[in-house]
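J.: Sharing a structure, written as structure tokens. Questions coming.
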């Protein structure tokens with residue numbers, strides 16, 4: 001029996017990989033996109049298709065949220081505002097410890113539902129305990145689930161990596177055939193020893209395992225790597241009674257340190273990347289390392305603003321991520337894009353809305369290895385859509401609906417609410 005054929009029409013269709021289409025449509029057969037073009041042409045080509053007309057709406061590919069912590073969804077509002085990074089981590093550990101397994105699983109399930117409803121098709125999830133795996137798979141989300149591993153003790157590098165490899169093997173066996181990949185998250189340069197970075201990254205390269213790292217996030221991280229000074233030593237490590245002299249400070253930037261450890265590369269996805277200079281950006285470009293930009297979390301944790309213009313000039317692979325509800329107000333990647341537009345515009349580095357759309361879709365698909373299935377509206381890709389009702393702009397704002405460029409600017413600025421499309 002042939003798969004059902006549906007024609008989804010909208011005032012503006014944004015394929016991302018091609019120019020926007022006025023009065024466009026997407027033909028869907030089963031789970032895949034069959035064709036993209038003008039509504040008139042596709043209606044003539046597929047006269048028996050079931051037609052779904054979205055009217056005065058912008059039709060977009062579903063977004064890709066490249067950096068999430070869905071297990072922490074229950075911690076929305078649980079941590080005080082404007083805590084510096086080191087103090088926030090301590091508060092986070094205390095709050096997370098208070099959640100039992102059932103609460104963490106329910107938290108992840110709630111986060112998965114919110115993510116899917118916001119018009120997101122895939123995520124890069126950091127799994128501290130693994131309680132998000134089943135909820136993510138059950139929700140229909142795709143992407144990469146990264147097992148988080150950390151140890152600042154060089155003597156424990158091999159044992160830590162072996163435990164992580166064993167856990168990943170168990171997950172791969174348990175969830176065989178699921179539409180997600182499993183990867184390794186080596187937490188951050190202030191919680192992972194150089195040998196663990198070196199051996200973990202080498203293993204990921206050899207086995208084709210995705211790697212994720214929080215990096216260059218805060219000024220405190222830079223101080224720690226420079227000479228073991230600052231809040232990481234005096235607040236975070238002191239609060240845990242951890243030794244600070246297990247290995248010498250590398251005396252270089254976080255990005256240079258990761259490069260020295262062999263942890264950069266095309267299969268590596270960094271998160272945050274705020275504290276960088278021109279040399280760091282050149283390293284990211286040369287190694288084809290991708291980075292998930294999380295502007296709302298960066299702002300909330302007082303870590304500064306990612307240098308947008310410098311990143312674009314250096315041609316670094318960029319995606320967008322929301323981080324967790326412990327440090328961001330929502331799990332909507334579209335709201336994250338709107339925040340990025342406002343933040344960088346206020347700093348005199350206004351992003352092009354079309355470029356932000358690309359980061360929210362194709363950029364995330366590229367970073368997570370999902371380009372064959374997601375990120376754009378093209379024949380053969382999965383039929384995963386988001387839509388923005390342009391009539392929400394109001395009857396007196398006709399100019400914002402008059403052209404696809406004007407409508408996209410309104411959409412990406414957050415003036416309309418974007419959500420998932422159900423066929």
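J.: What number of residues within segment 285-299 satisfy the criterion of being within 17 Å of the chain's Cα centre (by Cα) and farther than 18 Å from residue 124 by Cβ?
T.: Summing the residues that are within 17 Å of the chain's Cα centre (by Cα) and farther than 18 Å from residue 124 by Cβ in segment 285-299 gives 1.
J.: Separate question: Answer yes or no: is there a residue in segment 156-178 that is touching a strand residue (DSSP E or B) at 6+ places or on another chain (Cβ under 6 Å), in a loop (DSSP other than H, G, I, E, B) and within 30 Å of residue 423 (Cα to Cα).
T.: no
J.: More than 29 Å from residue 328 (Cα to Cα), modelled with pLDDT under 95 and out of contact with any helix residue (DSSP H, G or I) (no Cβ under 8 Å at 6 or more places or on another chain) - does that describe any residue in segment 74-85?
T.: So far as segment 74-85 goes, no, none of its residues is more than 29 Å from residue 328 (Cα to Cα), modelled with pLDDT under 95 and out of contact with any helix residue (DSSP H, G or I) (no Cβ under 8 Å at 6 or more places or on another chain).
J.: Return a yes/no flag: does segment 287-297 have any residue that is without any contact (Cβ under 8 Å) to a residue 40 or more places away in the chain, in the same structural domain as residue 224 (by TED's automatic domain parsing) and farther than 19 Å from residue 189 by Cα.
T.: yes
J.: Where residues in segment 112-153 are modelled with pLDDT of 95 or more and in a loop (DSSP other than H, G, I, E, B), which of them is surrounded by the most Cβ atoms within 10 Å (Cβ to Cβ)?
T.: Checked segment 112-153; the qualifying residue surrounded by the most Cβ atoms within 10 Å (Cβ to Cβ) is 141.
J.: Just a yes or no: is a residue in segment 38-56 crowded, with 21+ Cβ neighbours inside 10 Å, in contact with a strand residue (DSSP E or B) (Cβ under 9 Å, 6 or more places away or on another chain) and more than 23 Å from residue 359 (Cα to Cα)?
T.: Within segment 38-56 (the criterion being crowded, with 21+ Cβ neighbours inside 10 Å, in contact with a strand residue (DSSP E or B) (Cβ under 9 Å, 6 or more places away or on another chain) and more than 23 Å from residue 359 (Cα to Cα)), the answer is yes, since at least one residue qualifies.
J.: Just to be sure before I move on: is residue 348 on the phi > 0 side of the Ramachandran plot, surrounded by fewer than 22 Cβ atoms within 10 Å (Cβ to Cβ) and not assigned by TED's automatic domain parsing to the domain that holds residue 74 in the structure I sent?
T.: no
J.: Give just the number: which of (1) farther than 21 Å from residue 111 by Cα; (2) in contact with a helix residue (DSSP H, G or I) (Cβ under 8 Å, 6 or more places away or on another chain) does residue 324 not satisfy?
T.: Failing condition for residue 324: (1).
The values are calculated or read from the model by the stated rules, or taken from the named source; none is laboratory data. This is a predicted model, so every value here is computed, not measured. Please note: Cβ atoms are built from the backbone with ideal geometry, for glycine as well, and neighbour counts cover all protein chains shown.
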